[in-house]
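K.L.:
Starting off with a structure, shown below.
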Amino acid sequence: MAVAASTSTPQRVIVPKAKWRPLENERNLAWLLLLPTMVLLGLFIAYPFMRGLLLSVTDTRVGVPGEFVGLDNFRRLASDPIFHAVVWNTCWYTFVTTIFKLGLGLWLALLLNRSFRFKAFTRAFILLPFIIPTVLSTFAWKWMFDPTFSVLNWMLYQTGLIRGAINWLGDGDLAMLSIIIVNIWRGVPFFAISLLAGLQTISPDLNEAAAIDGARPWQRFWYITWPLLLPVTMVVMLFSVIQTFADFQIVYVMTGGGPANATHLFATYAYQLGVGTGLLSQGAAVSLAMFPILLLIVIIQLLYIRRVEVR
């Protein structure tokens with residue numbers, strides 16, 4: 001009997017094509033998540049900085065396209081007595097306010113770190129000066145320093161400390177003192193809450209052990225609390241210095257840089273030159289002159305912070 005040979009054709013296995021999933025790659029996902037931040041930084045930081053850099057090397061004015069003049073604007077600033085006063089005012093303003101905000105903020109943080117009734121409400125209430133819009137609170141302070149309707153003058157007069165009205169914002173030294181007071185009042189809550197957060201991370205067992213060994217309260221603070229709180233303190237001071245060095249709203253609302261340019265800072269003087277008088281290139285030069293000074297301060301603080309962390 002003849003048997004017919006059977007031929008069987010092999011079945012083809014169809015493998016589905018792998019889908020393109022770029023987000024499964026960690027590098028692609030990282031770039032995608034960073035893209036919105038990079039766009040915002042490019043639009044609001046990189047572009048204005050480059051635009052200011054280009055303006056500072058031209059003689060551009062409002063409505064008049066400028067020509068390239070190199071470093072002439074910076075040479076003009078080097079011989080400008082008002083700019084010299086601006087550099088001193090800004091450095092002095094930043095130094096004094098930072099020292100007082102640190103001292104008062106640390107004192108408040110130590111008080112708020114204790115247990116007492118209505119502690120949560122008190123902590124929230126402390127933040128009010130920092131939460132209120134700067135312009136609104138500064139207008140209130142400007143009224144308080146008004147020579148005619150000043151509540152401060154009324155209080156000093158009622159206590160017999162003065163016999164006549166004090167023109168707080170009409171005298172150069174008093175005007176500088178006034179804006180320093182307002183900046184301290186507004187910045188202390190930021191220091192207090194930030195340092196309070198640092199105090200919460202310190203184990204109370206360390207202080208209890210030191211107290212058992214006979215250490216006094218100031219010794220426990222100086223040898224235990226302060227060294228552990230120092231890294232947080234330096235970071236808070238870094239942010240405060242950057243914000244205070246470029247302060248604009250308080251000075252512009254209260255004094256506008258006056259009287260007789262006695263309270264001008266970098267930001268207010270740049271605004272007066274660039275917007276008030278239309279000299280855009282000179283205003284940009286003043287703004288950029290602030291950058292190397294602030295960069296040097298930030299580098300020194302960052303190096304100190306790293307040194308503290310290593311210790």
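K.L.:
So if I check each of Ile224, Ile212, which one is β-branched (Val, Ile, Thr), modelled with pLDDT under 90 and more than 28 Å from Leu302 (Cα to Cα)?
P.N.:
Matching residue, one of Ile224, Ile212: Ile212.
K.L.:
Turning to a different aspect of this structure: Looking at Leu229, Leu156, Leu195 in this structure, which one is part of a helix (DSSP H, G or I), aliphatic (A, V, I, L, M) and over 25 Å from Ala120 (Cα atoms)?
P.N.:
Among Leu229, Leu156, Leu195, only Leu156 is part of a helix (DSSP H, G or I), aliphatic (A, V, I, L, M) and over 25 Å from Ala120 (Cα atoms).
K.L.:
How many residues does segment 238-253 hold that are assigned to a helix (DSSP H, G or I), of a type outside the set (S, T, N, Q) and under 21 Å from Gly283 (Cβ atoms)?
P.N.:
Residues that pass the stated criteria total 6.
K.L.:
Given (1) part of a loop (DSSP other than H, G, I, E, B); (2) over 27 Å from Met234 (Cβ atoms), where does Ile202 come up short, assuming only one miss?
P.N.:
So Ile202 meets the others, but not (2).
K.L.:
A further question follows. Please name all residue pairs, on different chains or six or more residues apart, with Cβ atoms under 6 Å, provided the first residue is in segment 62-78 and is farther than 22 Å from Trp88 by Cβ and the second residue is assigned to a helix (DSSP H, G or I) and of a type in the set (Gly, Ala, Ser).
P.N.:
What qualifies is Gly66/Ser281.
K.L.:
Exactly one of these conditions fails for Gly70: (1) more than 30 Å from Ile180 (Cβ to Cβ); (2) assigned to a helix (DSSP H, G or I). Give me its number.
P.N.:
The one condition Gly70 does not meet is (2).
K.L.:
Right, another one. If I filter segment 115-127 down to residues being charged (D, E, K, R) and assigned to a helix (DSSP H, G or I), which single residue comes out as surrounded by the most Cβ atoms within 10 Å (Cβ to Cβ)?
P.N.:
Checked segment 115-127; the qualifying residue surrounded by the most Cβ atoms within 10 Å (Cβ to Cβ) is Arg123.
K.L.:
When segment 90-114 is examined, which residues are found to be part of a helix (DSSP H, G or I), touching a helix residue (DSSP H, G or I) at 6+ places or on another chain (Cβ under 7 Å) and of a type outside the set (A, V, I, L, M, F, W, C)?
P.N.:
Result: Thr90, Tyr93, Thr94, Thr97, Thr98, Lys101, Gly105.
K.L.:
Those residues that are without any contact (Cβ under 8 Å) to a residue 24 or more places away in the chain and charged (D, E, K, R), I need them from segment 125-154; list them, please.
P.N.:
Asp146
The values are calculated or read from the model by the stated rules, or taken from the named source; none is laboratory data. Predicted model only: the values in this text are computed from it and were never measured. Ideal geometry is used to build each Cβ from the backbone, glycine not excepted, and the neighbour counts take in all protein chains shown.
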